[in-house]
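The values are calculated or read from the model by the stated rules, or taken from the named source; none is laboratory data. Computed from a predicted model, the values in this text were never measured in an experiment. Neighbour counts run over all protein chains shown; Cβ positions are idealised from the backbone, glycine included.
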Amino acid sequence: MLVGTAINVKYLSESAYISTVAREYNMVEPENEMKWTAIRPNADTFDFSAGDQIVDFAQTHGMKIRGHNLLWHLYNPDWLAKGHYTSPQLAHLMEEHIEKVTTHYRGKVFAWDIVNEAIDGHGQLRHSIWYDQPGIGMADKGTAYIEQAFRWAHAADPDALLFYNDAGAEAVNAHSDAIYAMVEDFRHRGVPINGIGLQMHILNLNPDAKSIQKNINRFVKLGMQVHITEMDVAVPVDADRKVKNPEDLKKQSEIYAQITKACMKTSGCTALQTWGFTDKYSWIGWFTKHTKGDALPFDRNYQPKRAYTAIHEGLANSPKPRKSSSH
Ligand code: XIL
């Protein structure tokens, strides 16, 4: 079982940070260092320095590395997002980027989020430079641009596991139904896809664990590996950024336990990863305008919380089935 965390180069000089990651995890993912903004400061330059630092750290500690991500509608550098490129130019940029980045990290990154968040909550394709603004020339062909990205990635690194990663598609809903239909079609036609990343940013303390379990199982049954890629469980905080109701931390730990168990119950759910590990550094405060926080298994002083114990127990007490349980 892979148990991972997103890490950020900014903190790799902090000894408590690195010793906690090295002690607790066997997989890491760069929080931002392999995104376009980091790797492509301009159209002509590839800068792998920050991503390479993550790789060095992981290799020193014998950890696996998940790559994140090659295409996204957000977090693109201005030169790209506002560059008014034509479709043929975008197709070229996309192919070149996928080829160069996966080749650079070949043999190092074992699994890639090829496309991130391309489908919305209603199950519709999101507008993006890659799809239809103006897109790579496949704007009238639905998921064809996603397929193209997977094919280019597979050609450049045939050994890497290729994932489609998304948020809000954790339970059975219109969003995950659309992803399911896409994967079914890809499988049918031999498009190289190996897995689905379920981000698992839980913003309310009431996820439908049964439905999440059902959703994990249906993707596994379709031949996908499932990775929980970005889990955190946000709790309401006051203006001083203190947890409003301490009982919420208990609820939080129960949710971590439920999701850990849901993943452990299915042999095809092969990785459980959180989006950071210490409440000292978490994107959730920024994301919720500081109405929520303390979403991770370690507190700001790197002390394990109830959530940590819950994950730990969930991993220890639920042995993986040898065959995929599909129901
Ligand atoms: C977030 C990072 O945590 C932030 O530092 C950055 O400013 C924006 O991106 N879904 C994803 C991640 O796939 O890449 C996002 O990471 C969080 C939501």
Being touching a residue at least 40 places away in the same chain (Cβ under 8 Å) and assigned to a helix (DSSP H, G or I) narrows H97, H92, H122, H68 down to just H97
Does K35 satisfy the criteria of being modelled with pLDDT of 95 or more, farther than 24 Å from G195 by Cα and of a type outside the set (A, V, I, L, M, F, W, C)?
no
Quick check: is even one residue across the stretch 6-19 under 26 Å from Q303 (Cα atoms), out of contact with any Gly (no Cβ under 6 Å at 6 or more places or on another chain), surrounded by 15 or more Cβ atoms within 10 Å (Cβ to Cβ) and aromatic (F, W, Y)?
yes
Looking at (1) within 26 Å of K82 (Cβ to Cβ); (2) crowded, with 20+ Cβ neighbours inside 10 Å, which one does F150 not meet, given that it meets all the others?
(1)
Taking the stretch 214-253 and keeping residues closer than 19 Å to A174 by Cα and touching a Lys or Arg at 6+ places or on another chain (Cβ under 7 Å) leaves L222
Can you tell me which of A149, A167, A171 is away from the ligand (no atom under 16 Å from the Cβ) and in contact (Cβ under 8 Å) with a residue 12 or more places away in the chain?
A171
When you go through (1) in contact with a Lys or Arg (Cβ under 7 Å, 6 or more places away or on another chain); (2) closer than 30 Å to P297 by Cα one by one for A50, which number turns out not to apply?
(1)
Can you tell me which residues in the stretch 285-312 are closer than 28 Å to L162 by Cα and not in a loop (DSSP other than H, G, I, E, B)?
F287, I311, H312
For the stretch 1-28, give me each residue that is out of contact with any helix residue (DSSP H, G or I) (no Cβ under 9 Å at 6 or more places or on another chain), more than 30 Å from G83 (Cβ to Cβ) and within 16 Å of the ligand (Cβ to nearest atom).
G4
Among the residues listed as S282, S253, S267, the single one being of a type outside the set (A, V, I, L, M, F, W, C), in a loop (DSSP other than H, G, I, E, B) and more than 14 Å from the ligand (Cβ to nearest atom)
S267
Looking at T229, T288, which one is of a type in the set (S, T, Y), within 16 Å of the ligand (Cβ to nearest atom), out of contact with any helix residue (DSSP H, G or I) (no Cβ under 8 Å at 6 or more places or on another chain) and farther than 23 Å from M27 by Cβ?
T288
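The rows are residues; the columns are (1) under 26 Å from I114 (Cβ atoms); (2) surrounded by fewer than 23 Cβ atoms within 10 Å (Cβ to Cβ); (3) basic (K, R).
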| position | (1), (2), (3) |
| --- | --- |
| M224 | yes, no, no |
| R241 | no, yes, yes |
| K280 | no, yes, yes |
| T291 | no, yes, no |
For the stretch 40-65, which positions are in a strand (DSSP E or B) and within 17 Å of the chain's Cα centre (by Cα)?
K64, I65
Would you mind stating whether I114 is part of a strand (DSSP E or B), under 22 Å from D47 (Cβ atoms) and modelled with pLDDT of 95 or more?
yes
Identify the residue in the stretch 71-83 that is in a loop (DSSP other than H, G, I, E, B) and over 16 Å from V101 (Cβ atoms) and, among all such residues, is nearest to the ligand (Cβ to nearest atom).
L74
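Can you tell me how many residues in the stretch 29-57 are hydroxyl-bearing (S, T, Y) and within 16 Å of the ligand (Cβ to nearest atom)?
Looking only at the stretch 29-57, we keep the residues that are hydroxyl-bearing (S, T, Y), and these are 37, 45, 49.
Keeping just the survivors that are within 16 Å of the ligand (Cβ to nearest atom) gives 37.
Matching residues across the stretch 29-57 total 1.
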